[in-house]
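As structure tokens, the structure follows; a few thoughts come after it.
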């Protein structure tokens, strides 16, 4: 069948199926299992209301359970087996991995990404939010900075290939170098160590807009009185920003920071399209993809390492959510 | 807010200058891609996109036309126009190019300035005029093929849709575009309804374990996708879905679920309690309250989730690489560009730029038309 037709059929079946499920399951609950009539009417209504939340939640719980919760366990279990999945080797995959310089390098590179990208994106976003705040044409400027968020990482990588290209007639940076009289051209993606930062720049470029939008919302929420009081006390604009505004939006800054950190640990696209993990730029997600389809034991072990790195953020998020809920 | 205390005009100017600088830095790479996608491939390799409005010097070679050879005053003469040579005509079809220099050896195509008469090998002479007219003389009759005439020509900017034509008709890119649409639309629409019901239950229904479920959703929000790949692919293989569109729809639906539930619940909790309670007092069931009151009121949150999910599924590379078959006819655009174009067409910058632009055009349109909802959704999700 033509995939497009199949897609349309899936939309109809999916949406129709959901509507039918929710409608008929409620109907059955109210009319058949616990009918709101007869001698037990009061008890039936109460029982129906106890069951109903689970009817509403069932499809979502199934999706979350099978596609997100089960894999955490299944991945860990699989990572304890060898490549073919037929021999239990305990932590063998992890031990081999930590012994390999390639893995250690991608681990260290990844730590570098986790340190640099969220910090840079949050800082640039905060700067852009403060500068464009209440400025004429500020919204247009924000739109332009926000725009890369709509671009895929593959698209963004291609865009930056035109910046980094090893040819003064294509790559912007080499063109600027030759404008200043430098001889020859440099392949930016092969400069040892620093090429990691050139790749990070791409992710920072796409994520700054996200940070800016959220932080500018938070800046708007800073009470006017606190700023007025500071002005009356003679604070200069920098003091107002760093001592009055930033402390009040600290909570939001942390949210932006952690959200970007989580994203950094997911993105393999940039390294994959720009260097394919060569020239010392491998990171854990791209390292994992190089084992995907080849050695499931190894791939799941890498994935589980990423999970362990994410774990503190996850716990912190849950603690925050619980506190808010109370 | 001009002229309030604490605002200095010098600072205002500095602010404007820095904002303009930031916007330019953010915009320039994308502009480069856009301009490059309309340039002729020879021009791309001859000059940077920032020089696109200016002429470039291209070097090429054609052959003197043997069939024009005539004997005049004891020498054999060939005449013609170099731009009409069939090997050359295609590159200079704009007709506005002018020769700046010519030569007889490939090593040095600009050996002689235009208009001069040069003596070349075997006692022959050659002259080429700016409009491409050339005259070659030879002491003996040339029999086999016309000798090559090398030249450099100043060629005006050439903006063309050729790259778009190539990308959209060759290489299965048109197919990849349709595949992307096929993946994206069901994967955007289906999660919304499922998540909306769950979000309503978590926001407005009272039952034990509600707090636990909310915490679970928040926790699952950050589970790395990588963990899901191997076990789910094995699961899909076991139940017979394998690598297919069905598999990727299910995967995207579930992967979008935590964010959808989280966003929608945060929004629904904020709806006025009075409306919902008075509806219940009037005898409405939860199902009716949800369908008739909560769902219509939650439209902004539904819209912002839909945009997130659309952008995420359209731009995704990881899930598509794992859950779709690797055969060419089922590749989506991101996979096509990352795996095929970058590999086989690595040097063809025009095609790369165009393919990238085709793949980012739809999300950009969605982004600019729906930005309001996107911003609102982001703020609902993280500012408390």
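Taking square-rooted eigenvalues a ≥ b ≥ c of the alpha carbon gyration tensor, is the stretch A:157-293 rounded, prolate or oblate, where a/c under 1.5 means rounded and, failing that, a/b exceeding b/c means prolate? It comes out oblate by the Cα gyration axes. Going by neighbour counts of Cβ atoms within 10 Å, the residues A:143, A:152 line up, fewest first, as A:143, A:152.
Estimated from helical segments only, the mean residue ellipticity of chain A at 222 nm is -22500 deg cm²/dmol, where each DSSP H run of four or more residues counts as -39500 (n - 2.57).
Between the Cα long axis of helix A:296-325 and the first principal axis of chain A there is an angle of about 70°, rounded to the nearest 10. For the stretch B:56-156, the alpha carbon positions stretch 40, 23, 21 Å along the principal axes, listed from largest to smallest. Structural descriptor for chain B: relative contact order 19 percent, calculated from alpha carbon pairs under 8 angstrom and at least 6 residues apart. Centre-to-centre separation between the Cα atoms of the stretch B:289-319 and those of the stretch A:48-87: 23 Å.
Could you tell me which of rounded, prolate or oblate describes chain A, using a ≥ b ≥ c as the square roots of the eigenvalues of the alpha-carbon gyration tensor, with rounded for a/c under 1.5 and, failing that, prolate when a/b is larger than b/c and oblate otherwise? Oblate, because a/c is 1.5 or more while a/b does not exceed b/c. Angle check, please: helix B:210-220 long axis (alpha carbons) against the longest principal axis of chain B (alpha carbons), in degrees 0 to 90, nearest 10. In chain B, helix B:210-220 runs at an angle near 20 degrees to the longest axis.
Would the stretch A:3-78 count as rounded, prolate or oblate if I go by the C-alpha gyration tensor, calling it rounded below 1.5 in a/c and otherwise prolate when a/b exceeds b/c, oblate otherwise? Since a/c reaches 1.5 but b/c is at least a/b, the shape of the stretch A:3-78 is classed as oblate.
Taking the number of Cβ atoms within 10 Å of each Cβ as an exposure proxy, the fewest-first ranking of A:23, A:291, B:164 is A:23, B:164, A:291. Our summary gives chain A a relative contact order of 23 percent, counting only alpha carbon pairs under 8 angstrom and 6 or more residues apart. With both labels modelled 7 Å from their Cα along Cα-to-Cβ, the residue A:89 to residue B:292 distance reads 6.3 nm.
Counting only DSSP H runs of at least 4 residues, each contributing -39500 (n - 2.57), and dividing by the residue count of chain B, the helix-based mean residue ellipticity at 222 nm comes to -17000 deg cm²/dmol. When only Cα pairs below 8 angstrom with a gap of at least 6 residues are kept, the stretch B:56-156 shows a relative contact order of 40 percent.
Within 10 Å of the Cβ of each residue in B:317-326, the mean number of Cβ atoms contributed by other protein chains is 3.
For chain A, modelled as a GNM whose springs connect Cα atoms under 10 angstrom apart, the maximal fluctuation among A:178, A:75, A:25 occurs at A:25. Put in order of Cβ neighbour count within 10 Å, fewest first, the listed residues B:236, B:252 become B:236, B:252. Distance between the modelled labels on residue B:299 and residue A:143, one decimal in nanometres: 2.3 nm (7 Å Cα→Cβ projection).
Values quoted throughout were computed directly from the atomic coordinates according to the rules given, and no laboratory measurement underlies them. Worth saying up front: this structure is predicted, and the values here are computed from it rather than measured. Positions of Cβ are generated from backbone atoms using ideal geometry, with glycine treated the same way; all protein chains shown enter the neighbour counts.
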